[in-house]
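What follows is a set of notes on a single structure, which appears directly below.
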C-alpha cells in the first residue's frame, strides 16, 4: 500500500516527530510505500494564491507532486499538535492547497445548489495523531473536540475516506519518558492494524 504521512511540528525533538518516525518505521517494516512530508522542514508554503483556486489551475510542480501523492495514496497518517483547537497554520495551508477540487473531491452537478460533495480519494483509511496539553474531559466537554470534526467530517469524509481513527495524546508537557514509550507502542499497534 502507498501511505501518505504528513507531519506538522516545527521542533525536531518534539513527540510529534517521535510519532512520525515510529509510524514510518512500522509502515516500512510492514512493506508499505511511504510518501513522507515534514512540512516545516520542507518549508511548505501554506498560502493559497488566487491563481490556484480554480479547479483547472496550473499548479507549481511541488504542489502538483503533493496532489498526485494524495490521489494515489491508499491511506493517510496526519500528525500534528492541537493549537487553539486547530492544526498548525502550515498544515491548514497544506489542506487548502492539496485537498483541492478535482483531486480529492468534486461537487455533483444538478445537486440543487446545496453543493453535494463526491469524494475522489482512493484512500480508504486515515489516521490522525494529535498531541495536546489539554485534559481529555475539558477537550470534549468545553471545546467539543473540534479536531475530530475538522478531520473526520470536514476533510476526510468529504473526500470519500470513511474509515477514520484519531488519537489525542495528552498531556504532553508533563508526560514522562515511560508514558511516551507506552504511547509510541500504541502508535505501532494502531498503524500496524490499520494498514495490513
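All of the numbers you see were taken from the coordinates with simple rules; none came from a lab. Everything numeric in this text was worked out from a predicted model, so none of it was measured. Note that each Cβ is placed from the backbone with ideal geometry, even for glycine, and that neighbours are counted across all protein chains shown.
The single condition among (1) more than 17 Å from residue 6 (Cβ to Cβ); (2) crowded, with 16+ Cβ neighbours inside 10 Å; (3) in contact with a helix residue (DSSP H, G or I) (Cβ under 7 Å, 6 or more places away or on another chain) that residue 57 does not satisfy is (2). Scan the stretch 144-160 and give yes if some residue there is farther than 21 Å from residue 15 by Cα and in a strand (DSSP E or B), otherwise no. No, the stretch 144-160 contains no residue that is farther than 21 Å from residue 15 by Cα and in a strand (DSSP E or B).
Return yes or no: is residue 24 free of Cβ contacts under 8 Å to residues at least 60 places away in the same chain, out of contact with any strand residue (DSSP E or B) (no Cβ under 8 Å at 6 or more places or on another chain), part of a helix (DSSP H, G or I) and buried (at least 16 other Cβ atoms within 10 Å of the Cβ)? Quick ask: steps written out before the conclusion?
Numbers: free of Cβ contacts under 8 Å to residues at least 60 places away in the same chain: yes; out of contact with any strand residue (DSSP E or B) (no Cβ under 8 Å at 6 or more places or on another chain): no; part of a helix (DSSP H, G or I): yes; buried (at least 16 other Cβ atoms within 10 Å of the Cβ): yes.
It is false that residue 24 is free of Cβ contacts under 8 Å to residues at least 60 places away in the same chain, out of contact with any strand residue (DSSP E or B) (no Cβ under 8 Å at 6 or more places or on another chain), part of a helix (DSSP H, G or I) and buried (at least 16 other Cβ atoms within 10 Å of the Cβ).
You will find that of 166, 180, the residue that is over 21 Å from residue 34 (Cα atoms) and either surrounded by 15 or more Cβ atoms within 10 Å (Cβ to Cβ) or in contact with a helix residue (DSSP H, G or I) (Cβ under 6 Å, 6 or more places away or on another chain) (or both) is 180 and no other. Residue 65 fulfils the conditions (1) out of contact with any helix residue (DSSP H, G or I) (no Cβ under 9 Å at 6 or more places or on another chain); (2) more than 24 Å from residue 163 (Cβ to Cβ); (3) touching a residue at least 12 places away in the same chain (Cβ under 8 Å); (4) outside any loop (DSSP other than H, G, I, E, B) except for a single criterion, (3).
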